[in-house]
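> Structure below; questions to follow.
Bear in mind these aren't lab numbers, they're just calculated from the coordinates by the rules spelled out. For clarity, every value in this text was computed on a predicted model and none was experimentally measured. In this analysis, Cβ positions are derived from the backbone assuming ideal geometry, glycine residues included, and neighbour counts consider all displayed protein chains.
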Amino acid sequence: MTTAPAEGMIDAGRRDGAAGSGERGAVAGISGLTAEIGVIGGSGFYQIEGLTGARTIEVPTPFGHPSSPLTIGTLAGHRVAFVARHGAGHRILPSELPSHANLHALKQLGVSRVIGVSAVGSLREGIAPQHAVVPDQVIDRTRGRQSTFFGDGLVAHIGFADPFCPELSSALARASEAGGVTTHRGGTMVVIEGPAFSTRAESQLYRSWGAAVIGMTVIPEAKLAREAELCYASLSLVTDYDVWHPTEADVSADVVVQNLRANVAHARAAVGRAVAAIGGRARGCACGEALASSVITPRELVPLETRRRLALLLERHWGTPS
Ligand SMILES: [Zn+2]
């Protein structure tokens, strides 16, 4: 795994990324701007290229400011909003990420699908550096991260058995394969707290669990996306073999950076193809109904302040708080 900064503009923090899009197209965003698909760029992926009519705007949220101003424009004929997960210049640790704000900002813009792009370490011989993985499961080894929008008088339990949107994941995998990069469909990602990489014992433990890759940022992003009824899928790009491999070099910032440039070029192209493929299509998955039967607390018992803070998530179910 990885995480370290590197030369020039390329940082090595690893493991993260995501994207998405939305289907509520008509929702007015800041300055009237809207987007359909959100992209959260991870290590090395600090800007999105090829957007036409791009504008960069601040999107304040009830959960603070996103990691970076959002860049909004048209990509492959569809409205896309991009946020650099670690901020401009890669300044935000995985443990410090304002994931609530990132996802809330995307939802404000009308996004319904979110693609996360992340650098990851491999836990399997057959998953080599510069390969891509679109994981279908997660083991959460983070500690103490606030991984829900709820609380403060409102209890909700979303289903998370399948943490990634199957429809978006499939589109993302196809888009990655089309770039000629070996792409592994499915696999379990272990998400660790970081920022240090694993010990050898931990790395071997995760291998014994059958995990495929290791990263630091998909949790809480994927959980918060589900709570916000956003589709979320991860394009995970392998930079190293973590520390379990008997002959390959241990992960380090330097090792990560060596593979980062190629990975990011591939990620940018794959995201463009995924947007072209899935943009404008109605969602056929269940992500958009995640809250329909998940809220336990009766509406009349939820403090008004909490309802107001969560209005963007709840208004479709409860109406606008007075
Ligand atoms: Zn979905």
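> How many times 2.2 N^0.38 Å is the alpha carbon radius of gyration of the chain?
0.93
> Calculate the tail of P(r) for region 193-277: the fraction of all Cα-Cα distances greater than 16 Å, expressed in %.
Looking at region 193-277, the distances longer than 16 Å represent 65 percent of pairs.
> Report the Cα-based extents of region 17-167 along its three principal axes, largest first, to the nearest Å.
That gives 46, 43, 32 Å along the principal axes, largest extent first.
> Where is the GNM fluctuation largest for the chain (alpha-carbon springs, 10 angstrom cutoff): ALA54, ALA282, ALA101?
The residue that fluctuates most here is ALA282.
> Where does the charge balance sit around ARG307 when Lys and Arg score +1, Asp and Glu -1, over other residues with C-beta under 12 Å from its C-beta?
Summing Lys and Arg as +1 and Asp and Glu as -1 gives -1.
> Summing -39500 (n - 2.57) over the DSSP H runs of n ≥ 4 in the chain and dividing by its residue number, what mean residue ellipticity at 222 nm do you reach, to the nearest 500 deg cm²/dmol?
-7500 deg cm²/dmol
> Compute a Gaussian network model of the chain, connecting alpha carbons closer than 10 Å, and tell me which residue from GLY180, GLY279, GLY73 fluctuates the most.
Sorting by GNM fluctuation, first place goes to GLY180.
> Can I ask one more? Give the long-range amide H neighbours of TYR232: residues separated by 5 or more places, or on another chain, with amide H under 5 Å away, using H modelled in the peptide plane at 1.01 Å from N.
VAL114, CYS165
> Let me ask something additional. Which helices pass in the chain if a helix is a full DSSP H run, must span at least 24 angstrom along its long axis by Cα, and must have mean Kyte-Doolittle hydropathy not below -0.5?
Membrane-span-like by this rule: 253-278.
> For region 51-61, take each phi angle, set θ = phi - 60°, evaluate the Karplus expression 6.51 cos²θ - 1.76 cosθ + 1.60, and give the result in whole Hz per residue in order, putting x for glycine and proline.
My calculation for region 51-61 gives 6, 9, x, 6, 10, 10, 9, 7, 10, x, 9 Hz in order.
> Based on the Cα coordinates of region 113-196, what is the per residue volume of their convex hull in Å³?
Considering the Cα atoms of region 113-196, their hull volume per residue is 122 Å³.
> Over region 3-289, what is the mean sequence separation of C-alpha contacts under 8 Å (at least six apart), divided by residue count, expressed as relative contact order in percent?
Over region 3-289, the number comes to 27 percent.
> May I pose another question? ILE139's amide H: which non-local residues (gap 5+, or another chain) put their own amide H closer than 5 Å, with H modeled 1.01 Å from N in plane and none for Pro or chain starts?
For ILE139, whose amide H was placed from the backbone, the distant partners under 5 Å are MET189, VAL190, VAL191.
> Any chance you could get the radius of gyration and Dmax over the Cα atoms of region 61-100, in Å?
Considering region 61-100 through its Cα atoms, Rg and Dmax are 11.8, 35 Å.
> Something else about it: Tell me, what HN-Hα J-couplings in whole Hz come from the Karplus equation 6.51 cos²θ - 1.76 cosθ + 1.60 at θ = phi - 60° for each residue of region 149-161, using x for Gly and Pro?
Couplings: 7, 8, x, 6, x, 10, 9, 9, 10, 7, x, 9, 4 Hz.
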